[in-house]
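One structure below.
The values are calculated or read from the model by the stated rules, or taken from the named source; none is laboratory data. Here the structure is a predicted model, which is why all the values come from computation and not from measurement. Here the Cβ positions follow ideal geometry from the backbone for every residue, glycine too, while neighbour counts run over all protein chains shown. With ligands, DNA and RNA removed, areas are computed over all heavy atoms of the protein, side chains included. Shrake-Rupley method; radii C 1.70, N 1.55, O 1.52, S 1.80 Å.
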Amino acid sequence: MSAAPLIEARDLVKTYIMGDEEVHALAGVTFTIPHGGYAAVIGPSGSGKSTLMNIIGGLDTPGGGALVINGADLGALDDAGLAGFRNRTIGFVFQSFNLLPRLTALENVELPMMYAGVAPAERRLRAGALLDRVGLGQRKTHRPTQLSGGQQQRVAIARALACRPALLLADEPTGALDTATTEEILRLFADLNAEGVTILIVTHEMDVARATHRIIEMRDGRIVADNPVPHHRAVPQGALT
Amino acid sequence: MMTPRDLFATAARALRINPLRSALTALGVIIGVASVVAMVALGQGAQKQIQASISSLGSNLLIIVPGSANQGGVRGAPGSFNSLTLADAEAIEREVAGVAAVAPSQRGSAQIVAQGANWNTRIEGVTPSYLAARDWGVASGRFFDDRETRQARKVAVIGATVARELFPNSDPVGERVRISGGAYEIIGVLDAKGQSGFGQDQDDIVLAPLQTVKRRVSGRQGRANTVSQISVKAESEDILAQVQEDAATLLRQRHRIGEGDTDDFTVQNLSSIAETMQQTTQVFTGLLAGIAAVSLLVGGIGIMNIMLVSVTERTREIGLRKALGARKADILRQFGLEAIVLSLAGGFVGLIVGALAAWGITSAMGLPLTVGLMSAAVALVFSAFVGVAFGSFPAWRAAQLDPIEALRRE
Ligand SMILES: Nc1ncnc2c1ncn2[C@@H]1O[C@H](COP(=O)(O)OP(=O)(O)OP(=O)(O)O)[C@@H](O)[C@H]1O
Ligand SMILES: [Mg+2]
């Protein structure tokens, strides 16, 4: 298990056809991320970062190539299998938080556990502990509209962690936040990574990218650079594949 | 995989978000179920009423009247007005097997005057066997006997309505009244019977000896033997048809009616009349319930409409739920259950509204109320079915949504 990487992507292709024009959102992407990795994907707008994240998260399907995550071949999963994969293997954090506005912070965090079939009492307990963990112990019964952007994103992170995922995916998690709040979120990510959660984030900000251990740069649907961040040279072993 | 409990809580929460919209959507089903329940109750009430009033006329009863039914009533052949005689009645009693009572009667109408009050009513000249034939009894006083009948005594037994109208505060028994100019003594008051199935007040009647009425009221002294009606009571329901057949055969012989000729009399079997009326009301009830069911259908379409709107509005929520691990089946169940809860709640409220409406209508029309367990169960099952039928398509649409597309939607 530990020998195999957590993410193994080979020749991933995604092509959109817009009228006569073909848009190669992904034009052959190959890389691996080891267990415990912490990497950032950067690149100009339209380079295919979100497309890649969505495919890794099981939300979208590639047009070609192979993708094995945590031992599961995503191409072979049916609807129920994919739902289980999104539920238990992946924790997704969105740029726009995507909390359900009618539910309290606690209920939002409970949501993935509901789909996992966790009993209500345990669900509540775990959601409470997660909110404590992200520093929102005092805001459990607040609704998203009663929380600041940074607080909402922390609720979203707690929700992403609810089913103890192997992989945390975050597409521009700090895109809507100010610098101070961004720092808080990054500290949280660093702590989580230190506890063994593999994290992959997409960002436009170099400061954010440099907080990770490895920077993957994309352009026109391809990986054009893939380098470890100097301070963390020793950590990601699979960095140079 | 959501547990049923979570599913139900999620559906209930979604419906509470917009209570007015949920209530208006359910209103379609409420109206549909309420009208089905009310119509069925009304129909059943009418049927019960018919049954009750037919049996109040007398059970196992045949009524023979002059004239042929085929000719459209008594107007037919000249002379058929007078085709039934006392001798016919006696012959039936003597020769037809299985007869419990035979009662010839002569009908007329008269004005009764008592102590300044007067009242127009039906007067019936009868023999003592009339009470047995019609399952009737005397509430106070007594009935006249055979001797008084033979002697054409001027005595009368009055119905409950007549007693109430003429003697509101006193006992009529022993009082004297004037009927068509003659002075009569009231010797008894009949049991109250209520309305007949034909809408007639059966208690608005005066009974007097047959010969008395013939001579003094209906003015047919010339043909003293004719009667306007013969009531025949069979010993049991099983032999009613046989008695009807035998009585008709006997009368045909006595009236010398050849094969193929038209009868100058008609034997009415009350239970067969009742059956016809039952069938008519049944068809009518079915028709009304059918129309009501159409409104239930319209209610179902309302649910489908709102659920489709709701799926569109909540596209992002659906995308998010899928991203968090909801399977197609979870989404399908969530939205399907919303539709079912909506229509079941509508069905439940509709049942109560319908029962209240049925109660109001039946008590206004004087019908017995029957909202059976059966129609309650049918209403609820039917509304659940409406929820499933009209909620599946929107729920299916929701389940099919692509998570990425859904999340991108604003
Ligand atoms: N549903 C779609 N239909 C057509 N083209 C699409 C679709 N989704 C993405 N694309 C195209 O694919 C390319 C990659 O898009 P993607 O969203 O992955 O870019 P990105 O790197 O995330 O950009 P940004 O930094 O602006 O978020 C773009 O050219 C985009 O126009
Ligand atoms: Mg993007």
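Of the residues B:216, B:147, B:252, which exhibits the maximal mean-square fluctuation in a Gaussian network model of chain B defined by a 10 Å Cα contact cut-off? Among B:216, B:147, B:252, the largest GNM mean-square fluctuation belongs to B:147.
Evaluate the relative contact order of the stretch B:99-233 (contact order divided by residue number), counting alpha-carbon pairs under 8 angstrom at least 6 apart; express in whole percent.
Numbers: 310 pairs, mean separation 50.8, N = 135.
This gives 38 percent for the stretch B:99-233.
Spin-label pair residue A:18-residue A:129: with each label point 7 Å from Cα along the Cα-Cβ axis, the two points sit 4.7 nm from one another.
What ranking, highest mean first, results for peptides B:316-322, B:298-304 when packing means the other Cβ atoms within 10 Å averaged over each residue? Don't skip to the answer; put the middle values down first.
Details: B:316-322: 23.3, B:298-304: 20.7.
Per-residue mean Cβ counts within 10 Å order the peptides as B:316-322, B:298-304.
In order along the stretch B:317-322, the phi-based Karplus estimate (6.51 cos²θ - 1.76 cosθ + 1.60, θ = phi - 60°) of 3J(HN,Hα) comes to 4, 5, x, 5, 4, 5 Hz; Gly and Pro are listed as x. Surface exposure of the stretch A:1-73, expressed per residue as accessible area with a 1.4 Å probe, stands at 44 Å².
Here the Kirkwood formula, the inverse mean of 1/r across different C-alpha pairs, assigns chain B a hydrodynamic radius of 26.2 Å.
Within the accessible area of the protein assembly as shown, the carbon and sulfur atoms contribute 55%, probe 1.4 Å, all protein chains present. So how far, in whole Å, is the C-alpha centre of the stretch A:34-66 from the one of the stretch B:168-188? Cα centres, the stretch A:34-66 to the stretch B:168-188: 108 Å. In order along the stretch A:71-76, phi translates into HN-Hα couplings of x, 9, 7, 4, x, 9 Hz, rounded to whole numbers, per the Karplus curve 6.51 cos²θ - 1.76 cosθ + 1.60 with θ = phi - 60° and x for Gly and Pro. Mean partner shielding of peptide B:317-323, defined as the number of other chain Cβ atoms within 10 Å of each residue Cβ, is 6. Averaged over the residues of peptide B:398-407, the number of Cβ atoms from other protein chains lying within 10 Å of each residue's Cβ is 3. In summary, the lysines within cross-link reach of residue B:328, defined as a Cα separation below 25 angstrom excluding same-chain residues under 8 places away, comprise A:14. To the nearest ten degrees, helix B:4-17 and the longest principal axis of the Cα atoms of chain B are 90 degrees apart. Of the beta bridges in the protein assembly as shown, as assigned by DSSP with both residues counted there, near 70 percent are antiparallel. Among the residues of A:70-79, the average count of other protein chain beta-carbon atoms within 10 Å of the residue beta-carbon is 1.
How big is the charge dipole of the stretch B:260-360 about its Cα centre, in debye rounded to the nearest 20, if each Lys and Arg gets +1 on its Cβ and each Asp and Glu gets -1 on its Cβ?
On the way: 7 positive and 8 negative charges, 282 e Å.
Roughly 1360 debye, rounded to the nearest 20.
Relative to the Cα centre, the charge distribution of chain B, modelled as +1 at Lys and Arg Cβ and -1 at Asp and Glu Cβ, gives a dipole magnitude of about 1280 debye.
Probe radius 1.4 Å, ligands and nucleic acids left out: can you give me the accessible area buried at the B-A interface, summed over both chains, in Å² to the nearest hundred? Numbers along the way, then the final one.
Values: alone 20330 and 11570 Å², together 29680 Å².
Rounded to the nearest hundred, the buried surface is 2200 Å².
Partners of residue B:214 within straight-line reach, counting lysines whose Cα lies under 26 Å from its Cα and excluding those fewer than 8 residues away in the same chain: B:154, B:193, B:233.
If you bin all the Cα-Cα distances of the stretch B:99-233 at 5 Å, starting from zero, the percentages per bin are 2, 11, 22, 26, 22, 12, 5, 1, 0.
Residues in the stretch B:97-111 carry Karplus couplings, in order, of 7, x, 8, 8, 7, 10, 9, x, 8, 10, 9, x, 10, 7, 9 Hz; the curve used is 6.51 cos²θ - 1.76 cosθ + 1.60 with θ = phi - 60°, and Gly or Pro positions show x. For chain B, the longest principal axis of the alpha carbon atoms and the long axis of helix B:19-57 meet at an angle near 20°. Of all lysines in the structure, not one lies under 20 Å Cα to Cα from residue A:140 without also being fewer than 8 positions from it along the same chain. Compared with the direct C-alpha span, the chain from residue B:365 to residue B:291 gains 24.5 nm at full extension, assuming 0.36 nm per residue.
Per residue, chain B exposes 47 Å² of accessible surface when a 1.4 Å probe is rolled over the protein heavy atoms with every protein chain present. The packing ranking of peptides A:12-20, B:84-92, B:342-350, highest mean first, is B:342-350, B:84-92, A:12-20, where packing means the average number of other beta carbon atoms within 10 angstrom of each residue.
Derived from the Cα gyration tensor, the three semi-axes of the equivalent ellipsoid of the protein assembly as shown are 95, 25, 17 Å, largest first. I need to check one value: relative contact order of the stretch A:56-167, counting alpha carbon pairs closer than 8 Å and at least 6 residues apart, in percent. About 35 percent, as a whole number. Cα-based values for chain A, radius of gyration first and Dmax second, are 17.6, 55 Å.
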